[in-house]
2 protein chains.
Amino acid sequence: MTQADLTPLGDMTPEAFRRYGHQVVDWIANYLSDVGQYPVLAPVAPGEVRRQLPATPPARPESLEQALADFERVILPGVTHWNHPGFFAYFAITGSAPGILGEMLSAALNVNGMLWRTSPALTELEEVVLDWLRQMLGLPEGLMGIIMDTASVSSLCAIAAAREAVPGLRVREEGLAGRADVPRLRLYCSEQAHSSIEKDAITLGLGRAGVRKIPTDAEFRLDTEALAAAIAEDRRAGWQPFCVVATVGTTSTTSIDPVPAIASICRREGLWLHVDGAYGGMAAIIPERRDVLAGCDRADSIVVNPHKWLFTPIDCSAFYCRRPEVLKRAFSLVPEYLRTAEGEAESVRDLMDYGVQLGRRFRALKLWFVIRAFGQEGLAARLREHIRLGQQFAAWIDASPDFERLAPVPFSTVCFRAHPRDLGGTSEEVEAHLNRLNEALLEAVNATGEVFLSHTKLNGRYTLRLAVGNLRTTEAHVARAWEILQEKIAQLAVPAS
Amino acid sequence: MTQADLTPLGDMTPEAFRRYGHQVVDWIANYLSDVGQYPVLAPVAPGEVRRQLPATPPARPESLEQALADFERVILPGVTHWNHPGFFAYFAITGSAPGILGEMLSAALNVNGMLWRTSPALTELEEVVLDWLRQMLGLPEGLMGIIMDTASVSSLCAIAAAREAVPGLRVREEGLAGRADVPRLRLYCSEQAHSSIEKDAITLGLGRAGVRKIPTDAEFRLDTEALAAAIAEDRRAGWQPFCVVATVGTTSTTSIDPVPAIASICRREGLWLHVDGAYGGMAAIIPERRDVLAGCDRADSIVVNPHKWLFTPIDCSAFYCRRPEVLKRAFSLVPEYLRTAEGEAESVRDLMDYGVQLGRRFRALKLWFVIRAFGQEGLAARLREHIRLGQQFAAWIDASPDFERLAPVPFSTVCFRAHPRDLGGTSEEVEAHLNRLNEALLEAVNATGEVFLSHTKLNGRYTLRLAVGNLRTTEAHVARAWEILQEKIAQLAVPAS
């Protein structure tokens with residue numbers, strides 16, 4: 001960048017932006033094409049990136065050429081490539097090319113959609129696109145949709161609304177602390193629910209004690225009899241139950257809680273039902289898998305994440321609420337400097353009224369581009385293929401004498417472990433050995449740089465997870481992961497004495 | 001987009017991305033060059049954008065050409081142009097070109113920095129760049145910096161940490177509800193503090209009653225004697241004071257609370273001091289204005305927003321905390337599926353441990369590009385110029401017989417109103433008339449599409465606000481705003497009977 005590229009008291013010139021913009025687009029095109037050549041898990045040691053960066057900021061302007069060169073030299077080797085077709089950890093995701101183009105426009109417009117007035121198109125496109133997604137998922141009409149940044153925040157808003165809905169609590173005005181007239185509040189979710197639910201409860205002043213974790217059945221689904229019993233027991237003990245969080249696609253095993261039965265309990269007990277479908281809920285876009293959201297028509301709120309399994313760049317979490325007036329009561333505060341005539345007249349929706357954050361990016365744009373570029377059928381076909389690949393991998397595991405599957409595979413995520421034949425010792429010794437062996441196996445597999453898997457624990461067993469969710473992942477990549485697992489276990493597996 | 005651009009079960013081809021990417025970059029370059037030609041405030045009626053969009057999602061892929069054409073035809077007319085040089089509302093901002101380039105790379109990498117492992121470079125660049133910003137602001141060493149999405153969330157985290165720091169509260173484990181052993185908790189801020197503080201208190205279960213708003217002096221700064229008296233009174237009445245939020249640059253008038261005196265009160269009373277410098281704190285980058293953060297070396301936490309007045313695309317809020325171990329205690333929950341060897345060993349920082357959200361975008365990249373492209377001196381020069389323009393406008397107001405200034409101008413935001421000569425009637429009648437007149441003036445000025453101002457109320461007076469913060473705004477634009485104000489008031493002002 002030369003002196004002429006940056007106007008003395010303005011921004012980069014449009015000509016310079018055009019030049020660097022083309023350069024960055026070319027870089028991205030090459031990157032997206034070659035991403036499978038990078039090590040998927042960044043092969044750097046703690047502090048290695050930091051040590052290559054100056055400890056103090058530049059006093060004078062630096063050239064953008066230098067910044068882009070440093071990006072490639074210093075930053076890129078420290079990046080774990082979520083775009084890599086061998087990324088099978090956590091939930092694999094893709095920020096698809098149409099979504100990237102949407103983010104580019106959104107960054108350029110740089111609007112803040114706190115009020116309708118501060119960008120009417122942001123608010124109205126968000127309403128329309130979230131209604132499209134609602135239809136694609138087969139959810140009922142009358143749900144208000146709003147984009148949050150993450151499922152952590154969507155669920156926070158859900159639980160805050162549930163808290164606001166407790167009759168007579170007046171939590172918005174009076175809070176919870178030091179009040180003799182307020183009972184202890186209890187939220188229920190399964191032992192397999194995401195940690196964000198507990199974190200949200202802590203944030204909202206309910207504490208970890210305010211979350212009662214219900215046991216799951218053999219397939220890691222919330223046990224509804226245990227739920228009903230827990231609610232009854234808590235009522236007797238003076239707790240006030242107020243909310244149940246059911247999960248469609250838990251993080252460890254992607255198990256699906258029995259939402260219809262849970263909805264009936266919530267109806268009977270007068271509890272808010274929130275469904276965390278951040279990952280698994282998206283599968284309802286596949287017509288023959290619409291059943292995964294069975295019962296969700298009776299939920300008070302539900303979250304699904306387009307940035308997880310709908311090819312939308314992070315961040316984009318779709319939050320639906322059947323009782324937007326409660327959500328608004330939980331959060332709306334309109335100081336004079338944010339009052340508008342149209343907001344007062346309630347002829348528009350000011351999105352700042354429905355959540356914690358005042359500022360909001362134009363996120364609907366990328367989701368709009370993604371849905372239009374792929375179409376509902378195209379999106380369904382891709383999810384269907386991911387599920388097929390997951391099932392294929394599960395079949396290989398099932399057919400192997402040296403591996404075993406540790407959970408059902410309702411979607412595209414497989415929980416398994418190596419379990420070599422002929423291990424000696426007591427059952428306890430075997431289990432301890434298997435835990436160490438599988439931890440070592442995961443480390444060896446991830447060290448190849450070809451694939452990246454993550455782990456969990458199921459019934460005390462160290463469990464490997466392979467999750468298919470990237471648009472670039474083909475059967476060849478899954479087969480290669482299986483090959484690497486077999487190679488590495490052959491090197492590691494020595495029967496316990 | 002043709003069939004060939006979208007691989008049947010993959011993403012857009014790299015070639016297609018390159019082609020559309022160049023097209024989008026060219027559009028952005030033209031837009032940034034021409035943005036002053038658009039009406040700044042979107043001239044659309046409620047529902048006008050929505051009505052032009054299909055009510056149902058496309059079943060089949062649509063061409064990206066069509067999506068980009070619809071973006072221009074349907075979305076753009078509904079956009080309020082925060083990039084417009086005549087945008088003087090709220091706090092004017094700029095997502096500078098280097099920042100846009102950073103966002104492009106960040107969208108392309110699409111990493112989630114929840115753990116160090118899930119992208120070491122995200123975590124380490126964030127640490128380094130936030131330390132650069134800390135140095136630029138003259139804040140002391142030993143503050144941990146982390147990027148949040150918005151100041152609403154940064155302050156939420158600050159207050160959550162303050163709550164966690166209350167001795168014996170055990171809020172993380174036990175929550176606040178239904179506990180006889182917990183006192184009512186009180187937070188203090190001025191009447192001029194941002195509404196997000198109160199919203200955060202509601203979210204955290206403290207309620208509106210948990211926020212005591214302290215009166216301000218004639219210059220809208222928190223009255224420290226009133227603060228000390230309120231704390232004493234509350235203690236006598238059984239409240240437990242736990243936190244004070246001071247503001248550097250309040251939203252209405254940009255007044256600066258007396259942080260040094262507030263810090264002394266907090267020290268004496270054992271209260272957490274959080275400083276909301278989301279807008280005004282950034283001025284400390286100007287060497288001769290470093291005084292705006294005086295006393296902040298004694299704060300427990302502070303927020304400044306690079307997306308407000310540091311030319312970084314929204315969202316990017318810089319949160320600093322002197323007691324990261326308390327912040328971590330307030331939020332950290334590490335389920336098995338997120339455990340890593342390096343995290344357990346505490347040889348790295350896993351950023352998910354320090355806030356509400358698990359998922360996090362690679363936001364440090366854009367801030368790094370901005371700081372490098374402009375340099376500290378370049379950034380300071382631009383802020384200095386904005387302040388000069390604000391002072392210039394204030395001088396015009398002060399010199400006019402038909403306008404009056406309603407607050408001091410410490411930065412680049414001017415609070416004023418039209419106050420035509422020779423108004424008859426009682427003082428109450430005059431004030432009521434002036435309120436109506438200035439509301440009509442604001443509407444008339446904004447309807448021109450040339451400038452966009454916002455309003456507030458100060459001591460019951462309808463107050464216009466002109467905030468300079470856009471990189472494209474020159475003295476000519478501020479002069480034009482002043483011209484329009486004078487034109488419109490000449491048309492509107494009829495002396496009250």
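The values are calculated or read from the model by the stated rules, or taken from the named source; none is laboratory data. Bear in mind the structure is a predicted one, so any value in this text is a computation, not a measurement. Counting neighbours? That spans all protein chains shown, and the Cβs are built from the backbone with ideal geometry, glycine included.
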Which residues, taken from the stretch B:249-271, are buried (at least 24 other Cβ atoms within 10 Å of the Cβ) and under 22 Å from residue B:133 (Cβ atoms)? B:249, B:250, B:251, B:254, B:256, B:257, B:259
Residues that are at the interface with chain A (Cβ under 9 Å from one of its Cβ atoms) and either closer than 26 Å to residue A:371 by Cα or in contact with a strand residue (DSSP E or B) (Cβ under 6 Å, 6 or more places away or on another chain) (or both), drawn from the stretch B:30-44: B:31, B:41, B:42, B:44
Could you give me the residue pairs with C-beta distances under 7 Å whose first residue belongs to the stretch A:467-486 and is of a type in the set (Ser, Thr, Tyr), whose second residue is part of a helix (DSSP H, G or I) wherever it lies, and which are 6+ apart or on separate chains? A:473/A:389
Checked against (1) surrounded by fewer than 22 Cβ atoms within 10 Å (Cβ to Cβ); (2) free of Cβ contacts under 8 Å to residues at least 40 places away in the same chain, residue A:42 satisfies every condition except (1)
Name every residue in the stretch B:200-210 that is facing chain A (nearest Cβ under 7 Å) and not in a loop (DSSP other than H, G, I, E, B), in order of residue number. B:202, B:203, B:208, B:209, B:210
Residue under question is residue A:56, and the condition is that it be β-branched (Val, Ile, Thr) and over 31 Å from the mean Cα position of the chain (by Cα); does it hold? yes
Within the stretch B:334-347, identify whether any single residue is in contact with a strand residue (DSSP E or B) (Cβ under 7 Å, 6 or more places away or on another chain), crowded, with 24+ Cβ neighbours inside 10 Å and assigned by TED's automatic domain parsing to the domain that holds residue B:185, and answer yes or no. no
Answer yes or no as to whether residue A:3 is at pLDDT 95 or above and over 28 Å from the mean Cα position of the chain (by Cα). no
Which residue is surrounded by the most Cβ atoms within 10 Å (Cβ to Cβ), if the candidates are limited to the stretch A:69-82 and must be facing another protein chain (nearest Cβ under 8 Å) and part of a helix (DSSP H, G or I)? A:75
Residue A:225 vs (1) away from chain B (no Cβ under 12 Å); (2) without any contact (Cβ under 8 Å) to a residue 12 or more places away in the chain; (3) in a loop (DSSP other than H, G, I, E, B): all pass except (3)
Matching residues, the stretch A:175-214, being under 23 Å from the mean Cα position of the chain (by Cα) and over 23 Å from residue B:326 (Cβ atoms): A:187, A:188, A:189, A:190, A:191, A:192, A:193, A:194, A:212, A:213, A:214
Given the options B:130, B:109, name the one that is facing another protein chain (nearest Cβ under 9 Å) and modelled with pLDDT of 95 or more. B:109
Restricted to the stretch A:9-39 and to residues being in a loop (DSSP other than H, G, I, E, B) and touching an Asp or Glu at 6+ places or on another chain (Cβ under 7 Å), the residue farthest from residue B:476 (Cα to Cα) is A:13
Top-ranked residue in the stretch B:129-167 [being crowded, with 24+ Cβ neighbours inside 10 Å and over 21 Å from the mean Cα position of the chain (by Cα); ranked as nearest to residue B:210 (Cα to Cα)]: B:163
Within the stretch B:418-437, which residues are closer than 20 Å to residue B:90 by Cα and surrounded by fewer than 22 Cβ atoms within 10 Å (Cβ to Cβ)? B:435
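Residue-by-condition table, conditions (1) without any contact (Cβ under 8 Å) to a residue 40 or more places away in the chain; (2) of a type in the set (A, V, I, L, M); (3) outside any loop (DSSP other than H, G, I, E, B); (4) facing another protein chain (nearest Cβ under 8 Å):
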{"position": "B:311", "(1), (2), (3), (4)": "no, no, no, yes"}
{"position": "B:314", "(1), (2), (3), (4)": "no, yes, no, yes"}
{"position": "B:320", "(1), (2), (3), (4)": "no, no, yes, no"}
{"position": "B:328", "(1), (2), (3), (4)": "yes, no, yes, no"}
Considering only the stretch B:103-199, give the helices (runs of 4 or more DSSP H) lying wholly within it that have at least 1 residues that are closer than 27 Å to residue B:278 by Cα and assigned by TED's automatic domain parsing to the domain that holds residue B:341. B:120-137, B:151-164
Go through the stretch A:221-248 and report how many residues are crowded, with 24+ Cβ neighbours inside 10 Å and either at positive phi or small (Gly, Ala, Ser) (or both). 1
Taking into account only those residues within the stretch A:348-362 that are in contact with a strand residue (DSSP E or B) (Cβ under 7 Å, 6 or more places away or on another chain) and more than 10 Å from chain B (Cβ to nearest Cβ), which is farthest from residue B:203 (Cα to Cα)? A:351
Of all residues in the stretch B:371-393 being more than 7 Å from every other protein chain (Cβ to nearest Cβ) and free of Cβ contacts under 8 Å to residues at least 60 places away in the same chain, which is farthest from residue A:11 (Cα to Cα)? B:391
Being in contact (Cβ under 8 Å) with a residue 40 or more places away in the chain and of a type outside the set (Ser, Thr, Tyr) is the filter here; which residues of the stretch B:18-33 pass it? B:23, B:24, B:27, B:28, B:32
Scanning the stretch A:330-339 for residues that are of a type in the set (A, V, I, L, M) and in a loop (DSSP other than H, G, I, E, B) gives A:333, A:334
Considering residues that are facing chain A (nearest Cβ under 9 Å) and either without any contact (Cβ under 8 Å) to a residue 24 or more places away in the chain or within 19 Å of residue A:180 (Cα to Cα) (or both), the number found within the stretch B:170-194 is 14
Name the single residue that is surrounded by the most Cβ atoms within 10 Å (Cβ to Cβ) among those in the stretch A:354-406 being touching an Asp or Glu at 6+ places or on another chain (Cβ under 9 Å) and either of a type in the set (Ser, Thr, Tyr) or in a loop (DSSP other than H, G, I, E, B) (or both). A:361
Within the stretch A:397-448, track down each residue that is among the basic types (Lys, Arg) and in contact with a Ser or Thr (Cβ under 7 Å, 6 or more places away or on another chain). A:417
Please name all residue pairs, on different chains or six or more residues apart, with Cβ atoms under 7 Å, provided the first residue is in the stretch A:45-65 and is more than 7 Å from chain B (Cβ to nearest Cβ) and under 14 Å from residue B:124 (Cα atoms) and the second residue is at pLDDT 95 or above and surrounded by 12 or more Cβ atoms within 10 Å (Cβ to Cβ). A:48/A:78; A:52/A:74
How many residues of the stretch A:118-127 are buried (at least 24 other Cβ atoms within 10 Å of the Cβ) and either more than 20 Å from residue A:307 (Cα to Cα) or at the interface with chain B (Cβ under 7 Å from one of its Cβ atoms) (or both)? The answer is 6
